[in-house]
1. In the stretch 135-290, what is the count of Lys pairs whose alpha carbons are under 19 Å apart, counting only pairs at least 8 residues apart or on separate chains?
2. If you line up the long axis of helix 109-141 against the longest principal axis of the chain, both from Cα atoms, how many degrees apart are they, to the nearest 10?
3. Can you give the charge dipole size of the stretch 135-290 about its Cα centre, rounded to the nearest 20 debye, using +1 on the beta carbon of Lys and Arg and -1 on the beta carbon of Asp and Glu?
4. Could you check the simple spin-label distance between Ala302 and Ser290, using points 7 Å along Cα→Cβ, in nm with one decimal?
5. Using the alpha-carbon atoms, what tilt in degrees (0 to 90, nearest 10) does helix 160-169 show relative to the longest principal axis of the chain?
6. In deg cm²/dmol and to the nearest 500, what is the mean residue ellipticity at 222 nm of the chain if only DSSP H runs of at least 4 residues count, each as -39500 (n - 2.57), divided by the residue total?
7. So how far apart, in nm, are the two label points at Arg240 and Gln221 if each is 7 Å from Cα heading toward Cβ?
8. Using Cα atoms only, what is the angle between the long axis of helix 196-206 and the major principal axis of the chain, expressed in degrees (0 to 90) to the nearest 10?
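The values are calculated or read from the model by the stated rules, or taken from the named source; none is laboratory data. These numbers come from a predicted model, not from an experiment. Methodologically, a virtual Cβ is constructed for each residue, glycine included, from the backbone with ideal geometry; neighbour enumeration extends over all protein chains shown. Side chains included, ligands, DNA and RNA excluded: accessible areas come from the protein's heavy atoms. Shrake-Rupley method; radii C 1.70, N 1.55, O 1.52, S 1.80 Å.
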Amino acid sequence: MLFLVQPPSVETWQFAETSDLALLLPPATLAALADGWLREDCPGLNYAALVTGAAPSQAVLWAKSPGVLAGRPFFDAVFARVSCQVSWFFPEGSKLVPVAKVAEVRGPAHCLLMGERVALNTLARCSGVASSAAAAVEAARGTGWAGHVAGTRKTTPGFRLVEKYGLLVGGAASHRYDLGGLVMVKDNHVVAAGGVKKAVQRAQQASDFTLKVEVECSSLQEALEAAEAGADLVLLDNFRPEELHPTAEALKARFPSVGVEASGGITLGNLPQFCGPHIDVISLGMLTQSAPALDFSLKLFADGATPVPYARRS
(Lines give C-alpha, C1' and ligand atoms only; values in the text may rest on other atoms or scores of the structure.)
Protein backbone atom coordinates (compact mmCIF):
# COMPACT_ATOMS: atom_id res chain seq x y z
CA MET A 1 0.00 0.00 0.00
CA LEU A 2 1.30 3.46 -0.89
CA PHE A 3 0.78 6.35 1.52
CA LEU A 4 0.61 9.89 0.20
CA VAL A 5 1.13 12.72 2.68
CA GLN A 6 1.46 16.32 1.57
CA PRO A 7 2.33 18.84 4.29
CA PRO A 8 3.33 22.36 3.17
CA SER A 9 6.22 22.39 0.66
CA VAL A 10 6.74 18.64 0.95
CA GLU A 11 5.73 15.76 -1.27
CA THR A 12 5.81 12.38 0.48
CA TRP A 13 5.65 8.92 -1.02
CA GLN A 14 6.17 6.40 1.73
CA PHE A 15 5.70 2.67 1.60
CA ALA A 16 3.97 1.32 4.67
CA GLU A 17 6.98 -0.70 5.71
CA THR A 18 9.42 2.25 5.66
CA SER A 19 8.39 3.41 9.12
CA ASP A 20 9.11 -0.09 10.45
CA LEU A 21 12.72 -0.14 9.26
CA ALA A 22 13.86 1.54 12.49
CA LEU A 23 12.99 -1.73 14.24
CA LEU A 24 16.04 -3.26 12.53
CA LEU A 25 18.37 -1.01 14.55
CA PRO A 26 19.34 -2.37 18.01
CA PRO A 27 18.91 0.39 20.63
CA ALA A 28 22.23 -0.48 22.28
CA THR A 29 24.02 -0.16 18.94
CA LEU A 30 22.38 3.19 18.24
CA ALA A 31 23.44 4.48 21.65
CA ALA A 32 27.00 3.22 21.19
CA LEU A 33 27.30 4.83 17.76
CA ALA A 34 25.94 8.14 19.06
CA ASP A 35 28.36 8.04 22.00
CA GLY A 36 31.29 7.42 19.69
CA TRP A 37 30.35 10.22 17.30
CA LEU A 38 29.85 12.71 20.12
CA ARG A 39 33.12 11.69 21.78
CA GLU A 40 34.94 12.18 18.49
CA ASP A 41 33.52 15.70 18.19
CA CYS A 42 34.05 16.67 21.82
CA PRO A 43 36.66 14.49 23.54
CA GLY A 44 37.60 17.18 26.05
CA LEU A 45 36.44 20.62 27.11
CA ASN A 46 33.49 22.23 25.34
CA TYR A 47 34.45 25.90 25.55
CA ALA A 48 31.43 27.11 23.56
CA ALA A 49 29.13 25.83 26.33
CA LEU A 50 30.06 28.89 28.38
CA VAL A 51 28.82 31.08 25.53
CA THR A 52 25.40 29.48 25.26
CA GLY A 53 24.67 28.50 28.85
CA ALA A 54 22.17 25.83 29.83
CA ALA A 55 18.87 27.66 29.40
CA PRO A 56 15.98 25.67 27.85
CA SER A 57 16.11 26.25 24.09
CA GLN A 58 14.47 25.12 20.87
CA ALA A 59 15.61 24.82 17.27
CA VAL A 60 14.05 23.94 13.93
CA LEU A 61 15.52 21.41 11.51
CA TRP A 62 15.23 22.71 7.95
CA ALA A 63 15.70 20.73 4.73
CA LYS A 64 17.32 23.02 2.16
CA SER A 65 17.82 20.55 -0.71
CA PRO A 66 15.45 18.01 -2.29
CA GLY A 67 15.65 14.32 -1.50
CA VAL A 68 14.45 11.45 0.65
CA LEU A 69 14.41 11.88 4.43
CA ALA A 70 16.33 9.04 6.09
CA GLY A 71 18.21 8.60 9.36
CA ARG A 72 15.70 9.73 11.93
CA PRO A 73 16.73 6.99 14.43
CA PHE A 74 20.38 8.14 14.32
CA PHE A 75 19.40 11.79 14.69
CA ASP A 76 17.20 10.86 17.66
CA ALA A 77 19.95 8.76 19.24
CA VAL A 78 22.46 11.61 19.12
CA PHE A 79 20.12 14.08 20.79
CA ALA A 80 18.96 11.53 23.34
CA ARG A 81 22.57 11.21 24.52
CA VAL A 82 22.68 14.96 25.22
CA SER A 83 19.28 15.17 26.95
CA CYS A 84 17.34 16.74 24.08
CA GLN A 85 13.98 15.77 22.59
CA VAL A 86 13.09 15.67 18.90
CA SER A 87 9.60 16.17 17.42
CA TRP A 88 9.27 15.16 13.76
CA PHE A 89 6.85 16.65 11.25
CA PHE A 90 7.50 14.13 8.47
CA PRO A 91 7.87 10.35 8.45
CA GLU A 92 10.94 8.42 7.40
CA GLY A 93 11.05 8.06 3.63
CA SER A 94 9.41 11.43 2.93
CA LYS A 95 10.35 13.10 -0.32
CA LEU A 96 11.37 16.57 0.82
CA VAL A 97 10.96 19.69 -1.29
CA PRO A 98 12.91 22.67 0.09
CA VAL A 99 12.57 24.66 2.12
CA ALA A 100 10.83 22.27 4.52
CA LYS A 101 10.43 22.45 8.29
CA VAL A 102 11.28 18.85 9.17
CA ALA A 103 11.54 18.73 12.97
CA GLU A 104 12.00 20.65 16.21
CA VAL A 105 14.61 19.91 18.86
CA ARG A 106 14.32 21.07 22.48
CA GLY A 107 16.79 20.93 25.34
CA PRO A 108 19.47 22.87 27.23
CA ALA A 109 21.21 25.26 24.86
CA HIS A 110 24.72 23.87 25.37
CA CYS A 111 23.49 20.29 24.88
CA LEU A 112 21.46 21.14 21.80
CA LEU A 113 24.46 22.77 20.14
CA MET A 114 26.79 19.96 21.18
CA GLY A 115 24.63 17.48 19.29
CA GLU A 116 23.91 19.75 16.33
CA ARG A 117 26.74 18.97 13.92
CA VAL A 118 26.94 15.25 14.70
CA ALA A 119 23.19 14.80 14.23
CA LEU A 120 23.17 16.84 11.02
CA ASN A 121 26.08 14.85 9.61
CA THR A 122 24.33 11.51 10.14
CA LEU A 123 20.99 12.73 8.78
CA ALA A 124 22.53 14.40 5.73
CA ARG A 125 24.60 11.35 4.84
CA CYS A 126 21.84 8.82 5.40
CA SER A 127 19.33 10.92 3.44
CA GLY A 128 21.81 11.28 0.59
CA VAL A 129 22.22 7.51 0.32
CA ALA A 130 18.44 7.01 0.48
CA SER A 131 17.92 9.62 -2.23
CA SER A 132 20.43 7.94 -4.56
CA ALA A 133 18.90 4.55 -3.86
CA ALA A 134 15.39 5.83 -4.58
CA ALA A 135 16.56 7.34 -7.87
CA ALA A 136 18.18 4.04 -8.89
CA VAL A 137 15.09 2.02 -8.02
CA GLU A 138 12.91 4.45 -9.95
CA ALA A 139 15.18 4.21 -13.00
CA ALA A 140 15.10 0.41 -12.89
CA ARG A 141 11.34 0.17 -12.38
CA GLY A 142 10.86 2.54 -15.29
CA THR A 143 12.08 -0.22 -17.61
CA GLY A 144 9.58 -2.74 -16.25
CA TRP A 145 12.38 -4.73 -14.59
CA ALA A 146 11.38 -6.33 -11.29
CA GLY A 147 14.75 -7.46 -9.91
CA HIS A 148 16.71 -6.12 -6.95
CA VAL A 149 18.67 -2.87 -7.00
CA ALA A 150 21.33 -3.25 -4.32
CA GLY A 151 24.21 -1.49 -2.65
CA THR A 152 27.62 -3.00 -1.91
CA ARG A 153 30.20 -3.16 0.90
CA LYS A 154 31.76 0.06 -0.43
CA THR A 155 30.75 2.02 2.64
CA THR A 156 32.40 4.61 4.87
CA PRO A 157 34.39 2.92 7.67
CA GLY A 158 32.49 3.22 10.94
CA PHE A 159 29.37 4.43 9.16
CA ARG A 160 28.17 1.24 7.49
CA LEU A 161 24.99 0.82 9.54
CA VAL A 162 23.85 4.33 8.63
CA GLU A 163 24.51 3.83 4.93
CA LYS A 164 23.01 0.33 4.74
CA TYR A 165 19.92 1.64 6.53
CA GLY A 166 19.74 4.52 4.03
CA LEU A 167 19.69 2.02 1.16
CA LEU A 168 16.69 0.29 2.69
CA VAL A 169 14.79 3.54 3.23
CA GLY A 170 15.42 4.40 -0.43
CA GLY A 171 13.88 1.10 -1.52
CA ALA A 172 17.10 -0.71 -2.47
CA ALA A 173 18.49 -3.95 -1.08
CA SER A 174 21.38 -3.53 1.33
CA HIS A 175 23.26 -6.61 -0.01
CA ARG A 176 25.44 -8.47 2.53
CA TYR A 177 26.13 -6.39 5.61
CA ASP A 178 29.58 -7.86 6.23
CA LEU A 179 31.83 -10.76 5.26
CA GLY A 180 29.69 -13.16 7.28
CA GLY A 181 26.48 -12.46 5.38
CA LEU A 182 27.40 -14.26 2.16
CA VAL A 183 30.38 -16.29 0.95
CA MET A 184 31.50 -13.99 -1.86
CA VAL A 185 34.28 -15.51 -3.96
CA LYS A 186 35.96 -12.61 -5.74
CA ASP A 187 38.59 -12.70 -8.49
CA ASN A 188 41.43 -12.59 -5.97
CA HIS A 189 39.96 -15.53 -4.07
CA VAL A 190 39.86 -17.52 -7.32
CA VAL A 191 43.53 -16.75 -7.99
CA ALA A 192 44.51 -17.68 -4.43
CA ALA A 193 42.52 -20.93 -4.55
CA GLY A 194 43.91 -21.98 -7.93
CA GLY A 195 40.74 -21.79 -10.01
CA VAL A 196 36.98 -21.34 -9.91
CA LYS A 197 36.11 -24.95 -9.09
CA LYS A 198 38.57 -25.16 -6.17
CA ALA A 199 37.40 -21.80 -4.87
CA VAL A 200 33.75 -22.90 -4.84
CA GLN A 201 34.60 -26.20 -3.19
CA ARG A 202 36.49 -24.45 -0.40
CA ALA A 203 33.68 -21.93 0.01
CA GLN A 204 31.18 -24.75 0.39
CA GLN A 205 33.35 -26.29 3.11
CA ALA A 206 33.12 -23.05 5.08
CA SER A 207 29.43 -22.37 4.45
CA ASP A 208 26.41 -24.26 5.71
CA PHE A 209 22.73 -24.32 4.86
CA THR A 210 22.30 -20.74 6.09
CA LEU A 211 24.88 -19.20 3.72
CA LYS A 212 24.86 -18.86 -0.04
CA VAL A 213 27.97 -18.89 -2.23
CA GLU A 214 28.43 -16.24 -4.93
CA VAL A 215 31.28 -16.21 -7.43
CA GLU A 216 32.56 -13.22 -9.37
CA CYS A 217 33.09 -14.15 -13.02
CA SER A 218 34.57 -12.31 -15.97
CA SER A 219 33.42 -14.65 -18.77
CA LEU A 220 30.66 -17.08 -19.67
CA GLN A 221 33.13 -19.94 -19.26
CA GLU A 222 33.87 -18.93 -15.66
CA ALA A 223 30.17 -18.45 -14.93
CA LEU A 224 29.33 -21.93 -16.22
CA GLU A 225 32.21 -23.41 -14.24
CA ALA A 226 31.03 -21.69 -11.07
CA ALA A 227 27.44 -22.86 -11.54
CA GLU A 228 28.59 -26.38 -12.32
CA ALA A 229 30.65 -26.39 -9.11
CA GLY A 230 27.55 -25.46 -7.09
CA ALA A 231 27.55 -21.66 -6.76
CA ASP A 232 24.18 -20.23 -5.75
CA LEU A 233 24.81 -16.89 -7.44
CA VAL A 234 27.10 -15.62 -10.16
CA LEU A 235 28.36 -12.04 -10.25
CA LEU A 236 28.98 -10.85 -13.80
CA ASP A 237 31.41 -8.03 -13.13
CA ASN A 238 32.31 -5.18 -15.49
CA PHE A 239 30.35 -6.56 -18.43
CA ARG A 240 29.10 -4.16 -21.07
CA PRO A 241 25.32 -4.41 -21.54
CA GLU A 242 25.69 -5.98 -24.98
CA GLU A 243 27.86 -8.72 -23.40
CA LEU A 244 25.95 -9.04 -20.15
CA HIS A 245 22.54 -10.06 -21.43
CA PRO A 246 23.56 -12.89 -23.80
CA THR A 247 25.95 -14.22 -21.13
CA ALA A 248 23.22 -14.23 -18.50
CA GLU A 249 20.78 -15.84 -20.94
CA ALA A 250 23.23 -18.63 -21.78
CA LEU A 251 23.96 -19.23 -18.09
CA LYS A 252 20.26 -19.35 -17.18
CA ALA A 253 19.58 -21.76 -20.04
CA ARG A 254 21.95 -24.26 -18.44
CA PHE A 255 21.37 -23.36 -14.78
CA PRO A 256 17.95 -21.69 -14.40
CA SER A 257 18.07 -21.69 -10.60
CA VAL A 258 21.38 -19.78 -10.36
CA GLY A 259 20.96 -16.14 -9.44
CA VAL A 260 22.69 -13.58 -11.65
CA GLU A 261 24.04 -10.29 -10.33
CA ALA A 262 25.40 -7.51 -12.53
CA SER A 263 27.88 -5.00 -11.17
CA GLY A 264 30.75 -2.77 -12.18
CA GLY A 265 30.60 0.51 -14.09
CA ILE A 266 26.88 0.98 -13.44
CA THR A 267 25.56 4.49 -12.83
CA LEU A 268 22.16 6.12 -12.55
CA GLY A 269 22.55 7.19 -16.16
CA ASN A 270 23.22 3.77 -17.70
CA LEU A 271 21.36 1.60 -15.17
CA PRO A 272 18.37 0.92 -17.50
CA GLN A 273 20.73 -0.71 -20.02
CA PHE A 274 21.63 -3.39 -17.45
CA CYS A 275 18.03 -4.32 -16.66
CA GLY A 276 16.95 -7.50 -18.39
CA PRO A 277 14.92 -10.71 -17.97
CA HIS A 278 17.94 -12.82 -17.00
CA ILE A 279 19.38 -10.39 -14.42
CA ASP A 280 18.22 -10.85 -10.83
CA VAL A 281 20.31 -8.23 -9.00
CA ILE A 282 22.04 -5.03 -10.07
CA SER A 283 24.47 -3.67 -7.48
CA LEU A 284 25.93 -0.17 -7.52
CA GLY A 285 28.81 0.94 -5.31
CA MET A 286 28.05 4.56 -6.19
CA LEU A 287 24.88 4.47 -4.07
CA THR A 288 27.07 4.74 -0.99
CA GLN A 289 30.41 5.92 -2.42
CA SER A 290 29.16 8.84 -4.46
CA ALA A 291 25.83 9.85 -2.94
CA PRO A 292 25.74 13.62 -2.31
CA ALA A 293 24.64 14.56 1.20
CA LEU A 294 21.37 16.44 1.60
CA ASP A 295 21.57 19.96 2.97
CA PHE A 296 20.00 20.38 6.42
CA SER A 297 20.39 23.16 8.97
CA LEU A 298 19.36 23.57 12.60
CA LYS A 299 18.34 27.09 13.65
CA LEU A 300 17.57 28.20 17.19
CA PHE A 301 14.62 30.49 17.75
CA ALA A 302 13.28 32.40 20.76
CA ASP A 303 9.97 31.61 22.44
CA GLY A 304 7.17 33.39 20.64
CA ALA A 305 9.29 34.01 17.55
CA THR A 306 8.54 32.62 14.09
CA PRO A 307 11.24 30.15 13.03
CA VAL A 308 12.90 30.99 9.71
CA PRO A 309 15.35 28.84 7.72
CA TYR A 310 17.84 31.61 6.97
CA ALA A 311 18.15 33.67 10.13
CA ARG A 312 20.12 36.90 9.80
CA ARG A 313 21.17 39.17 12.63
CA SER A 314 20.12 42.79 12.17
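1. The result is 9.
2. Compared with the principal axis, the helix lies near 30 degrees.
3. Values: 14 positive and 17 negative charges, 65 e Å.
Around 320 debye, computed over the stretch 135-290.
4. Once both label points are built, they end up 4.8 nm from each other.
5. Computed tilt is about 90 degrees.
6. Working: 11 runs with 122 residues, N = 314.
Using -39500 (n - 2.57) per qualifying helix, the result is -12000 deg cm²/dmol.
7. With each label point 7 Å from Cα toward Cβ, the separation is 2.0 nm.
8. 60 degrees
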